[in-house]
1. When residues of the range 118-149 are filtered for being more than 27 Å from the chain's Cα centre (by Cα) and either part of a helix (DSSP H, G or I) or surrounded by 15 or more Cβ atoms within 10 Å (Cβ to Cβ) (or both), how many remain?
2. Exactly one condition in (1) buried (at least 17 other Cβ atoms within 10 Å of the Cβ); (2) outside any strand (DSSP E or B); (3) under 21 Å from the mean Cα position of the chain (by Cα) is not met by residue 83; state its number.
3. Go through (1) surrounded by 14 or more Cβ atoms within 10 Å (Cβ to Cβ); (2) within 15 Å of residue 224 (Cα to Cα); (3) at pLDDT 90 or above one by one and return the number of the condition residue 273 breaks.
4. Do we have residue 115 as surrounded by 18 or more Cβ atoms within 10 Å (Cβ to Cβ), in the same structural domain as residue 14 (by TED's automatic domain parsing) and modelled with pLDDT under 95 here?
5. Show the residue pairs that are 6+ apart or on different chains and have beta-carbon atoms under 7 Å apart, the first residue being within the range 178-199 and not assigned by TED's automatic domain parsing to the domain that holds residue 30 and at pLDDT below 95, the second being part of a loop (DSSP other than H, G, I, E, B) and buried (at least 18 other Cβ atoms within 10 Å of the Cβ).
6. Scan the range 1-17 for residues that are over 21 Å from the mean Cα position of the chain (by Cα) and either at pLDDT 95 or above or under 24 Å from residue 127 (Cβ atoms) (or both) and report the count.
7. Take residue 50 and tell me if it is touching a helix residue (DSSP H, G or I) at 6+ places or on another chain (Cβ under 8 Å) and either buried (at least 17 other Cβ atoms within 10 Å of the Cβ) or not in a loop (DSSP other than H, G, I, E, B) (or both).
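The values are calculated or read from the model by the stated rules, or taken from the named source; none is laboratory data. All values reported here derive from a predicted model rather than from experimental measurement. FYI the Cβ positions are ideal-geometry reconstructions off the backbone, even for glycines, and counts take in every protein chain you see.
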């Protein structure tokens, strides 16, 4: 697989089978499109090509709106997409000039001139061009002119819930990790760097790694305590991850993310960790003293060992 981080200097694609979208989270519905893309590419001796964008279009079109949080950052999205057998991933810079392009111009200047697609495969709700006026109907109208076929992928449903990035985001913001992971068809993950904290966990006998998330647009699930797997230098450990405002014993207006890693002893400062969410354990609770907090952490660790006994 090749990753191209610009529309400049793209190779000549062989019988390109193209799909386009933001692909935030690379959820189950996205995966069905990719599977179909790869199947068609094999049938026609072609190459599967996925065009996505960075930054996310909504961050460019509505910079004043801070409500959009990304299920996957661009680095996480690249990593996820690389696991599905695509021949090419193209990441185009999204800008206001890009967004202001008329839909027909977008088809000609972006899709045709860069990819010369043999077939375009898109989701049922895909829109493009100025004011999002372009859709599958326009692609079909232009297909004869530019000599390509179009295939639409219908909405994918799991347990009678339509799969979408918005649904996944809402589940995560409600702390519904199992439901989010079901729609994603892979576990939600946060990547972060270990930074120095106030070392309260160490005093309690449960030293925690304080996590800094560099991307301000990364979605952080609801406050609470979660069972997670932590990837450290290629090895996996069980852990209890806490998201909250330090209201356990004293008030603190700064959101903190910290993880206690079971059966681990070592220096993690400045290391990058992958925290893979397994389940939600409990909400944040404010305790009257440190002893009650320590007692609860002991219960959390016991619960995680039982929950992840076979991992």
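1. If we filter the range 118-149 for residues that are more than 27 Å from the chain's Cα centre (by Cα), which is where we start, we get 118, 137-149.
Narrowing further to those that are either part of a helix (DSSP H, G or I) or surrounded by 15 or more Cβ atoms within 10 Å (Cβ to Cβ) (or both): 118, 137-146, 148-149.
Number of matching residues: 13.
2. Result: residue 83 fails condition (1) only.
3. (2)
4. no
5. Within 7 Å, the pairs are 194/268.
6. 9
7. yes
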